[in-house]
Amino acid sequence: MKKILFAALLLLSLMACVTSPAWAGGLNDTEAGEAAFQGGNDDAAIRLLTKAIESGELSRKNLSDVYYNRGLAWGKKGDHDKAIADYTRAIEIDPKYAKAYNNRGNAWGKKGAFDKAIADYTKVIEIDPRDADAYNNRGVAWRKKGDFDKAIVDYTRAIEIDPKYAKAYYNRGFSWYNKGDYDKAIDDFTRAIEIDPQHAKAYYNRGVAWGKRGAFDKTIVDYTRAIEIDPKYAKAYNNRGFSWYNKGDYDKAIADYTKAIEINQNYAKAYNNRGFSWYNKGDYDRAIVDYTKAIEIEPKDPTAYNRLAWLMATCPDGRYRNGKRAVELAEKAVALKDVGGILDTLAAAYAEAGRFQEATNTQEKAITKLKQEGGTQYLPACEKHLSSYKAGKPWREK
């Protein structure tokens, strides 16, 4: 009898040794996969979580969580399609999985599918009407669709739920800015800063809004604070440089543009802006170098073509004028963006090339365009240009 009992116990023990590790394997892989994800090893996380899924040993709750977590790992790797597939599988298993809807909405947003993102955030709100993140995220999707009013409604609801939600204030400020209400934008950016004094982007964007008010001293203060928080904030250096430029301090502007370029050597706008400051200082060689670099980096941006064409058409120093090249550059700029200011440059280029009838015709088009665009402040200068071309004289900057 003892031998039979011993044999039975031994058999049970062996069965435990066989089945327990198999059952534990799925959970162990889950835990290891989550640890790998937390440690930043997304490939290992995906491999381990996949192994856990394929084990067939997880409960439905654990399985939905594993799909969700693998979706997070795919998202970090930038594979939003696979992330969406995993979030969808998690939702199929658990239709009330609010976080899976939220993150699937984020993934749809990164793919530019904002309607699908909005649908997912709306589902989160249906599951949990107090989810401030879902309102904030849906607001972002509305803003990216260009519906700033709906975005503001959602950000406001997020703030009502969580009055300390700095990101919602910041995002609402962005939408007020997009609507042209710079005072309300400044108020919201300020509130975001009060809640989170290390919010570099809030300082930066408040600086941008102050710039729309022409308050360049205040823009400089805000861009400086953004830079103190994030010393690698190239856009803040560029914009502070633009503020210095508007105050007439070209040397400080150049220093800031240079710093922006040191941080981001492919920052076409900073090269372009630095070139314009060199131009205003009369250093045409350096201006040409910077405009040329800006064109090389961003050949679809008309601004550098336009500025370089203007220099070559109107420069007071004849060594830098080149009518033929100016026409080529200006025509390229117009092809990229047909607006009054660029047509004004093309007319100057035609005049420098001795093509005065074309210059006159083009300048008349420029004036008409500017009136249509609301650029009436430029009309007096353009009328002077037109008179010069009608007289058979190219325009010269002084």
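The values are calculated or read from the model by the stated rules, or taken from the named source; none is laboratory data. Quick caveat: nothing in here was measured; it's all calculated off a predicted structure. Neighbour counts run over all protein chains shown; Cβ positions are idealised from the backbone, glycine included.
State whether the residues of the stretch 348-366 include one that is closer than 27 Å to Asp251 by Cα, in a helix (DSSP H, G or I) and in contact (Cβ under 8 Å) with a residue 24 or more places away in the chain. Quick ask: steps written out before the conclusion?
Just the residues of the stretch 348-366 that are closer than 27 Å to Asp251 by Cα, to begin with: none.
There is no residue in the stretch 348-366 that is closer than 27 Å to Asp251 by Cα, in a helix (DSSP H, G or I) and in contact (Cβ under 8 Å) with a residue 24 or more places away in the chain.
Can you say whether Ile263 is β-branched (Val, Ile, Thr) and either closer than 15 Å to Asn280 by Cβ or in contact (Cβ under 8 Å) with a residue 40 or more places away in the chain (or both), as far as the supplied structure shows?
On the way: β-branched (Val, Ile, Thr): yes; either closer than 15 Å to Asn280 by Cβ or in contact (Cβ under 8 Å) with a residue 40 or more places away in the chain (or both): no.
No.
Can you find a residue in the stretch 132-152 that is within 24 Å of Pro95 (Cβ to Cβ) and surrounded by fewer than 24 Cβ atoms within 10 Å (Cβ to Cβ)? Break it down stepwise before answering.
Taking the stretch 132-152 and keeping what is within 24 Å of Pro95 (Cβ to Cβ), we get 132-138, 141.
Those left that are additionally surrounded by fewer than 24 Cβ atoms within 10 Å (Cβ to Cβ): 132-133.
Yes, the stretch 132-152 has at least one match.
Are any residues in the stretch 27-44 closer than 16 Å to Ala83 by Cα, more than 29 Å from the chain's Cα centre (by Cα) and crowded, with 17+ Cβ neighbours inside 10 Å, and if so, which ones?
Scanning the stretch 27-44 gives Gly33, Glu34.
Among the candidates Leu370, Leu346, which residue alone is under 20 Å from Glu397 (Cα atoms), of a type outside the set (Gly, Ala, Ser), crowded, with 18+ Cβ neighbours inside 10 Å and in contact with a helix residue (DSSP H, G or I) (Cβ under 9 Å, 6 or more places away or on another chain)?
Numbers: Leu370 fails: under 20 Å from Glu397 (Cα atoms).
Only one candidate qualifies: Leu346.
Please find, within the stretch 52-80, the residue that is surrounded by the most Cβ atoms within 10 Å (Cβ to Cβ) out of those that are part of a helix (DSSP H, G or I) and free of Cβ contacts under 8 Å to residues at least 24 places away in the same chain. Even if it seems obvious, please write down each step before you answer.
Applying the first criterion (part of a helix (DSSP H, G or I)) to the stretch 52-80 yields 52-54, 60-76, 80.
Going one step further and asking which of them are free of Cβ contacts under 8 Å to residues at least 24 places away in the same chain, we end up with 53-54.
Working: Ile53: 21, Glu54: 11.
Per the stated criteria, the residue is Ile53.
Against the condition within 22 Å of Asn62 (Cα to Cα) and either of a type in the set (Phe, Trp, Tyr) or assigned to a helix (DSSP H, G or I) (or both), how does Glu126 come out, does it pass? If you could, list the steps in order and put the result at the bottom.
Details: within 22 Å of Asn62 (Cα to Cα): no; either of a type in the set (Phe, Trp, Tyr) or assigned to a helix (DSSP H, G or I) (or both): yes.
Answer is no for this residue.
Just one of the numbered conditions (1) part of a loop (DSSP other than H, G, I, E, B); (2) under 31 Å from the mean Cα position of the chain (by Cα); (3) farther than 30 Å from Asn264 by Cα is not true of Lys369; which one?
Going through the list (1) part of a loop (DSSP other than H, G, I, E, B); (2) under 31 Å from the mean Cα position of the chain (by Cα); (3) farther than 30 Å from Asn264 by Cα, Lys369 breaks only (1).
Scanning the stretch 221-241 for residues that are within 18 Å of the chain's Cα centre (by Cα) and surrounded by fewer than 17 Cβ atoms within 10 Å (Cβ to Cβ), which turns out nearest to Asp256 (Cα to Cα)?
So, considering only residues that are within 18 Å of the chain's Cα centre (by Cα) and surrounded by fewer than 17 Cβ atoms within 10 Å (Cβ to Cβ), the one nearest to Asp256 (Cα to Cα) is Lys232.
Give the residue that is nearest to Lys232 (Cα to Cα), with candidates limited to residues of the stretch 257-290 that are in contact with a Ser or Thr (Cβ under 9 Å, 6 or more places away or on another chain) and of a type in the set (Ser, Thr, Tyr).
Taking the candidates together, the pick is Tyr257.
Scanning for something farther than 29 Å from Asp285 by Cβ, surrounded by fewer than 21 Cβ atoms within 10 Å (Cβ to Cβ), within 37 Å of the chain's Cα centre (by Cα) and modelled with pLDDT of 95 or more, does the stretch 375-386 turn up at least one residue?
yes
Of the residues that make up the stretch 146-166, is at least one of a type outside the set (Phe, Trp, Tyr), outside any helix (DSSP H, G or I) and either under 23 Å from the mean Cα position of the chain (by Cα) or within 25 Å of Asn62 (Cα to Cα) (or both)?
Going residue by residue through the stretch 146-166, those that are of a type outside the set (Phe, Trp, Tyr) are 146-147, 149-154, 156-164, 166.
From what is left, the residues that are outside any helix (DSSP H, G or I) are 146-147, 162-164.
The next check asks that each one be either under 23 Å from the mean Cα position of the chain (by Cα) or within 25 Å of Asn62 (Cα to Cα) (or both); those that pass are 146-147.
Yes, there is a match, as at least one residue in the stretch 146-166 is of a type outside the set (Phe, Trp, Tyr), outside any helix (DSSP H, G or I) and either under 23 Å from the mean Cα position of the chain (by Cα) or within 25 Å of Asn62 (Cα to Cα) (or both).
Looking only at residues that are within 33 Å of the chain's Cα centre (by Cα) and of a type in the set (Gly, Ala, Ser) in the stretch 307-328, which one is surrounded by the fewest Cβ atoms within 10 Å (Cβ to Cβ)?
If we filter the stretch 307-328 for residues that are within 33 Å of the chain's Cα centre (by Cα), which is where we start, we get 307-311, 326, 328.
Next cut, of a type in the set (Gly, Ala, Ser) only: 309, 326.
Values: Ala309: 29, Ala326: 27.
My answer is Ala326.
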